[in-house]
Amino acid sequence: MATLREGNKAALVIVDMQVGVMAEAWDATRVAGNAAHVVKRARACGVPVIWVQHENEDMPRGSAQWQWVPELQPAANEVRVYKKFNSSFENTDLESHLTNFGITHITLAGAMTNWCIRATAYSALDRGYDLTLIKDAHTTADIDLGNGSKIEASNIVTDLNIAMRWLEYPGRVNGTATADAVDFAKPGGAR
C-alpha cells in the first residue's frame, strides 16, 4: 500500500513540453498556451512549479529538440528534474523535491499523454499523492497502427481524462480540471 500524504499542499508539474516532443503533438499551440496559463496561475498563487525534462538519443541534453517550447520557460528559482524514462519519478530526484516542499497534491500537465503523462499520473497515485490532471494542458501524437488505421491523439487525451476522473485509489483524491478552473487547494478538481 502507498504511503498516504497528510495535508494539502500542491505543486504544478510540467512534463516534457519540449520542442522535439511537441513538434508532432496534437493541438500543440493550444495545449502549450493552456499550460502557460496554468503556470502563470500557479506562480500567482505561490504554488511551486516543477519542470520535468526528458532526454534520449533523439533529444540529447542541450540540443535544440531538448529545449522547452517558447511558451513555457522555467523561472530561475523553479526546480528542474531530468529524466530518461516515461515516469517522472523513475531514476529522478522528483520525489525528494516534492518531499522538501511538503507536497501532497500534484497538478499535472505536459506531453505525451499516453506515455509520460500517464506513467507520471499513475506513479504519483501509487506513491500516495492526490492528483489533478489539467485536462486541456496535455497532448500526444496520433499512433499509426501500421495496418492502415491509427489511434487519434484527441482520443488518447480523452481516454486519460476519463480515467483520471473515475479512477479510485484508497485515501487519495484524483480528477481533472481545466487550466482556467483548476483549484490548487482542491485536490482532484476545480474551483
Among (1) touching a residue at least 12 places away in the same chain (Cβ under 8 Å); (2) in contact with a helix residue (DSSP H, G or I) (Cβ under 9 Å, 6 or more places away or on another chain); (3) on the phi < 0 side of the Ramachandran plot, Thr3 falls short only on (2)
Within the stretch 102-118, is even one residue under 23 Å from Ala181 (Cα atoms), of a type in the set (Ser, Thr, Tyr), in contact with a His (Cβ under 6 Å, 6 or more places away or on another chain) and touching a residue at least 40 places away in the same chain (Cβ under 8 Å)? yes
Based on what the data block shows, is Ala190 of a type in the set (Gly, Ala, Ser), closer than 17 Å to Ala35 by Cβ and at pLDDT below 95? yes
Going through (1) assigned to a loop (DSSP other than H, G, I, E, B); (2) of a type in the set (A, V, I, L, M, F, W, C); (3) in contact with a Cys (Cβ under 9 Å, 6 or more places away or on another chain); (4) within 23 Å of Gly7 (Cβ to Cβ) one by one, Val52 fails only at (1)
| query | Based on what the data block shows, is Arg80 among the basic types (Lys, Arg), under 26 Å from Glu55 (Cα atoms) and in a strand (DSSP E or B)? | reply | yes
Picking from Ala35, Ala44, the residue that is more than 17 Å from the chain's Cα centre (by Cα) and not in a loop (DSSP other than H, G, I, E, B) would be Ala44
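The values are calculated or read from the model by the stated rules, or taken from the named source; none is laboratory data. Not measured: the values here are computed from a predicted model. Positions of Cβ are backbone-derived with ideal geometry, glycine not excepted, and every protein chain shown enters the neighbour counts.
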